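Asks: Below is one structure. I have some questions about it.
Just so it is clear, none of the values below were taken in a lab; they were calculated from the coordinates. As the structure is a computational prediction, the values presented were derived from the model and not from experiment. Using ideal geometry, Cβ is built from the backbone for each residue, glycine included, and neighbour counts are taken over all protein chains shown.
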């Protein structure tokens, strides 16, 4: 459903991504890891259409995508409620949300353990609460694929475990394709998952078991 | 006394254009002010000064020149904003336009309008053409905001996500600019070059003091805007002062009172 062929992204003389080729199939659960500045977020931006590659082709065969960006818009003091933000994730939006849409939003808030925030101002929420609201915005249209750019960075540790269980459940029950950028693989679901290790180029792409071997080898090189 | 004033045609015309401009400005307000674009109204007002000067030189109804002129300038600002700091783009285009405007006034033969009338505007000498254009701008802006409300909201608070969601952000951005330009070009004739941006800025600033919701900010802003504009006109006429100035002063007093009231209320709580 997603295929990259020899994709390069350059910013001036700087090569952010070099010769990226890979394929993601329906139902895959992919963790993308790599050091800071390795091009993880750049790769995601090309995937969600915010950045055009300098060369190469990207084929994306999808109807709906859910996306949780890394940088959340918290700088602007915009008056807006949790309800308004979540509703902006719906595929079809009306001037006034229907009763069914309202019920759906409320049930998601309950699932994320923040039902009391429905009519609250986004501005008064903690970083972790805002993150959960943006996650609901990404999920509310029931996307075929969910793309998460370092989602746990702002989440409170108590919710992190629950969050990973939720991802696992959506992957297994809804066969949702999930692409998850992270710098920490400790808490995440690993069974049946693919790992991409990226540092401008793809250094590793395969299943988690093989990734362990790859990491060992890398460490030996370092020593 | 108010009913006495309503006998006069010019008062009725002032009220009609005043309410039309108040509604237009407050509908645009949250999408500009809350998106750090408040100064585009000010920049376009400067541009319309040049547009009007040029129009007065060339045709009978200067608005026919100034409206397309200001729209083109708004596209230029938008185009430059994508390539440099938005503030800088507004500053560049408005300064250039104002400079051209001043030269036209100085060198244009037979230029018999006072600069003061351009700068302060006059709501009580509203021509039928101006009134029609004012109402037209309100109708266009009303339809635009109503139809694209959810998209405009998403663009205002998260432009990247709007782009990701498939919203044509560039096209909508240019449309918003064009309608803002239309409103400013018309509004400058009645409220004046230096004050028209206040009509755009105040509604959202005031209404966001009361509400946490974006839609309510829009609605309260419109209500406040209409009330302030009507009272401004009724206060200005008997005192023989410009209506634009009166409206801005009424707005400022209201905002000042709200801020003091909120501070007192917060003080009592703590």
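Asks: Connecting C-alpha atoms closer than 10 Å in a GNM of chain B, tell me which of B:197, B:66, B:81 has the biggest fluctuation.
Replies: In this elastic network of chain B, the residue with the biggest mean-square fluctuation among B:197, B:66, B:81 is B:81.
Asks: Apply the a/c threshold of 1.5 to the C-alpha gyration tensor of region B:2-269 and tell me whether it is rounded, prolate or oblate.
Replies: Note, shape of region B:2-269 comes out oblate.
Asks: Sort out for me the Cα centre separation of region A:10-79 from region B:59-136, rounded to whole Å.
Replies: One Cα centre to the other: 43 Å.
Asks: Quick check on chain A: helices-only [θ] at 222 nm, where DSSP H runs of length 4 and up contribute -39,500 (n - 2.57) each and the sum goes over total residues. Nearest 500, please. It would help to have the intermediate numbers written out before the result.
Replies: Details: 6 runs with 72 residues, N = 223.
The per-residue figure over chain A is -10000 deg cm²/dmol.
Asks: If each of residue A:187 and residue B:257 carries a label point 7 Å out from its Cα toward its Cβ, how far apart are those two points in nm?
Replies: 5.0
Asks: Give me A:186, B:129 sorted ascending by neighbouring Cβ count inside 10 Å, so fewest comes first.
Replies: So the ranking, lowest neighbour count to highest, is A:186, B:129.
Asks: Go ahead and run the numbers for FRET between residue A:201 and residue A:1, Cβ-Cβ distance against an R0 of 22 Å, rounding to 0.05.
Replies: Values: r = 23 Å, r/R0 = 1.04.
In this case the efficiency is close to 0.45.
Asks: If you don't mind, another one. Decide, for region B:130-270, between rounded, prolate and oblate: order the square roots of the alpha carbon gyration tensor eigenvalues as a ≥ b ≥ c, take rounded if a/c falls under 1.5, and otherwise choose prolate if a/b is larger than b/c, else oblate. Show your work: numbers first, answer last.
Replies: Details: a/c = 2.61, a/b = 1.16, b/c = 2.24.
Judged from the Cα gyration tensor, region B:130-270 comes out oblate (a/c at least 1.5, b/c at or above a/b).
Asks: Here is a further query. Rg to Rh ratio, region B:162-224, alpha-carbon atoms and Kirkwood radius?
Replies: Rg divided by Rh gives 1.07.
Asks: Given an 8 Å cut-off on Cα distances and at least 6 residues of separation, report the relative contact order of chain B as a percent.
Replies: Working: 362 pairs, mean separation 82.8, N = 270.
Reported as a whole number, the value is 31 percent.
Asks: Under the definition of partner shielding as Cβ atoms of other protein chains within 10 Å of a residue Cβ, what is the mean value for peptide A:121-129?
Replies: That average works out to 1.
Asks: Mind telling me which of A:79, A:143, A:53 comes out most flexible in a GNM of chain A, alpha-carbon contacts under 10 Å?
Replies: Maximum fluctuation in the GNM of chain A, among the listed residues, is at A:79.
Asks: Please compute, for peptide B:208-214, the average count of beta-carbon atoms on other protein chains lying within 10 Å of each residue's beta-carbon.
Replies: Mean partner shielding for this stretch: 5.
Asks: What do you get for Rg/Rh of region B:88-157 when both radii come from the Cα atoms and Rh is the Kirkwood radius?
Replies: That ratio is 1.13, to two decimals.
Asks: May I pose another question? Per the helix-only calculation at 222 nm, which mean residue ellipticity applies to chain B, given -39500 (n - 2.57) for every DSSP H run of n ≥ 4 and division by its residues, nearest 500 deg cm²/dmol? Please report the intermediate quantities before stating the final value.
Replies: On the way: 12 runs with 220 residues, N = 270.
That calculation yields -27500 deg cm²/dmol at 222 nm.
Asks: Under a 10 Å cutoff between Cα atoms, tell me which one of B:179, B:44, B:171 has the largest fluctuation in the Gaussian network model of chain B.
Replies: Sorting by GNM fluctuation, first place goes to B:171.
Asks: With axes computed from alpha carbons, what is the tilt in degrees of helix A:208-222 against the longest principal axis of chain A, rounded to the nearest 10 within 0 to 90?
Replies: Roughly 50 degrees between the two axes.
Asks: How large, in Å, is chain A by the Kirkwood hydrodynamic radius built from its alpha-carbon pairs?
Replies: After inverting the pairwise mean of 1/r, the radius is 18.6 Å.
Asks: Mind checking Rg over Rh on region B:73-207, alpha carbons, Kirkwood formula for Rh?
Replies: Over the Cα atoms of region B:73-207, Rg/Rh equals 1.01.
Asks: Here's a follow-up. How much length, in nm to one decimal, is gained on full extension between residue A:103 and residue A:54, taken as 0.36 nm per residue of separation minus their Cα-Cα distance?
Replies: Values: separation 49, 0.36 × 49 = 17.64 nm, distance 4.36 nm.
That pair, residue A:103 and residue A:54, stretches by 13.3 nm at full extension.
Asks: Same structure again: I'd like the distance between the alpha-carbon centres of region B:196-239 and region A:109-172, rounded to an integer number of Å.
Replies: Using only Cα atoms to place each centre, the spacing works out to 37 Å.
Asks: How far apart, in nm, are the 7 Å Cα→Cβ label points at residue A:166 and residue A:21?
Replies: Each label point is offset 7 Å from its Cα along the Cβ direction, giving 3.8 nm.
Asks: Still on this structure, I have one more. In Å and whole numbers, how far do the C-alpha atoms of the protein assembly as shown stretch along each principal axis, longest first?
Replies: 87, 54, 38
Asks: Related question: Report, to the nearest 10°, how far helix A:99-111 tilts away from the longest principal axis of the Cα atoms in chain A, using its own Cα long axis and a range of 0 to 90°.
Replies: 60
Asks: Does anyone have the angle between helix A:157-173 and the longest principal axis of chain A? Alpha-carbon axes, 0 to 90°, nearest 10?
Replies: With rounding to tens, the tilt is 80 degrees.
Asks: Let me ask something else. In whole percent, what relative contact order does region A:35-194 give with Cα contacts below 8 Å and a gap of six or more residues?
Replies: It comes to 29 percent, rounded to a whole number.
Asks: Using a 10 Å cut-off around each Cβ, can you sort A:14, A:87 from fewest to most neighbouring Cβ atoms?
Replies: The fewest-first ordering by Cβ neighbours comes to A:14, A:87.
Asks: Evaluate E = 1/(1 + (r/R0)^6) for residue B:96 and residue B:142, where r is the Cβ-Cβ distance and R0 equals 30 Å; express this FRET efficiency to the nearest 0.05.
Replies: Numbers: r = 32 Å, r/R0 = 1.06.
Given R0 = 30 Å and the Cβ-Cβ separation, E is 0.40.
Asks: Here is a follow-up. Just check region A:98-157 against the gyration tensor rule for me: Cα atoms, a ≥ b ≥ c as the square roots of the eigenvalues, rounded for a/c under 1.5, and otherwise prolate or oblate depending on whether a/b exceeds b/c.
Replies: oblate
Asks: Got a sec? How would B:205, B:241, A:9, A:85 order by Cβ neighbour count within 10 Å, fewest to most?
Replies: B:241, B:205, A:9, A:85
Asks: How shielded is B:146-155 by partner chains, expressed as the average number of their Cβ atoms within 10 Å of its Cβ atoms? Don't skip to the end; give the middle numbers.
Replies: Numbers: counts 1, 1, 0, 3, 9, 2, 0, 7, 7, 1.
Across B:146-155, the average partner-chain Cβ count within 10 Å equals 3.
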